[in-house]
Amino acid sequence: TGSGIRVGVWDDGIDGTHEDFLLHDAGGAVTGTRLLTAGGGGDHGTAVAGVIGASGYRGAACGTLPHLFRGMAPEVELFGWFPHPIWGPSITHFASSISNGMDVSNHSYVQDTDGRYMSNTQQMDRLVRGTTDYRGSPVPPRPMTWAAGNNGRFPAYSSVEGYFSVEAPAKNVITVGAVIGNVAGSRNH
């Protein structure tokens with residue numbers, strides 16, 4: 001269920017008024033929220049947060065079965081971080097979110113282009129393993145999920161193909177990518 005887990009979502013923010021992140025009593029009245037920070041109200045960040053932890057409360061109002069559209073962990077608490085840094089969180093930024101109790105994070109942007117293992121990517125590996133911030137304070141290890149930044153074998157932000165289309169090449173993160181197949185003339189992602 002995700003109960004007791006806090007997830008950071010680095011994206012374009014989470015809609016703080018979306019009922020799938022609010023707590024309701026038996027009569028449907030709002031009693032609280034599972035959003036620790038919303039950080040804006042972006043469509044993509046709200047959708048990503050929904051996949052992670054939507055309660056499914058809005059399902060009935062949308063004409064479906066109640067709770068049909070639940071997220072993977074409908075009881076998590078969520079941090080919405082916006083605006084996200086273009087090339088990932090700095091160690092200081094990431095450390096501050098851990099000090100607020102974040103257990104795992106999701107990142108919907110690229111680390112580096114062309115699949116290169118560069119300084120930003122190396123920093124992500126240090127954050128996953130645990131590191132120190134700019135003051136020398138310990139930053140404990142935390143798992144991270146990243147968007148691969150690809151469209152099948154093609155990159156989203158560069159001009160290479162194959163493995164090098166993965167624009168989240170850190171070794172220690174969980175990278176989620178796209179696969180393109182041709183089924184009856186349509187493209188499936």
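The values are calculated or read from the model by the stated rules, or taken from the named source; none is laboratory data. Every value quoted in this text rests on a predicted model; they were computed, and no experiment measured them. Ideal geometry is used to build each Cβ from the backbone, glycine not excepted, and the neighbour counts take in all protein chains shown. These accessible areas exclude ligands, DNA and RNA; they are computed on the full protein's heavy atoms, side chains included. Shrake-Rupley method; radii C 1.70, N 1.55, O 1.52, S 1.80 Å.
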**Backbone HN-Hα couplings from phi across the range 41-55 [Karplus 6.51/-1.76/1.60, Hz, Gly and Pro as x]** = x, x, 5, 5, x, 5, 5, 4, 4, x, 4, 6, x, 5, 7
**Prompt:** Ordering 174, 52 by how much accessible area each has at a 1.4 Å probe, largest first, what is the list?
**Reply:** 174, 52
**Prompt:** Counting alpha carbon pairs within less than 8 Å and at least 6 residues apart, what relative contact order, in whole percent, applies to the range 1-124?
**Reply:** 34
**Prompt:** By accessible area of protein heavy atoms, probe 1.4 Å, what ranking do 70, 6 get, highest first?
**Reply:** 70, 6
**Request:** Show me 115-125, 7-17, 135-145 ranked by packing, highest mean number of other Cβ atoms within 10 Å first.
**Result:** 7-17, 115-125, 135-145
**Message:** If I ignore ligands, DNA and RNA and count only protein heavy atoms, how much of residue 77 is accessible to a 1.4 Å probe, in Å² to the nearest 10?
**Reply:** 60
**Asked** Summing Lys, Arg as +1 and Asp, Glu as -1, what charge do residues with Cβ under 10 Å from the Cβ of residue 76 carry, residue 76 excluded?
**Response** -1
**Asked** In terms of the Cα gyration tensor, with a ≥ b ≥ c the square roots of its eigenvalues, is the range 1-133 rounded because a/c is under 1.5, prolate because a/b exceeds b/c, or oblate?
**Response** prolate
**Request:** Determine the order of 158, 3 by accessible area, beginning with the largest, at a probe radius of 1.4 Å.
**Result:** 3, 158
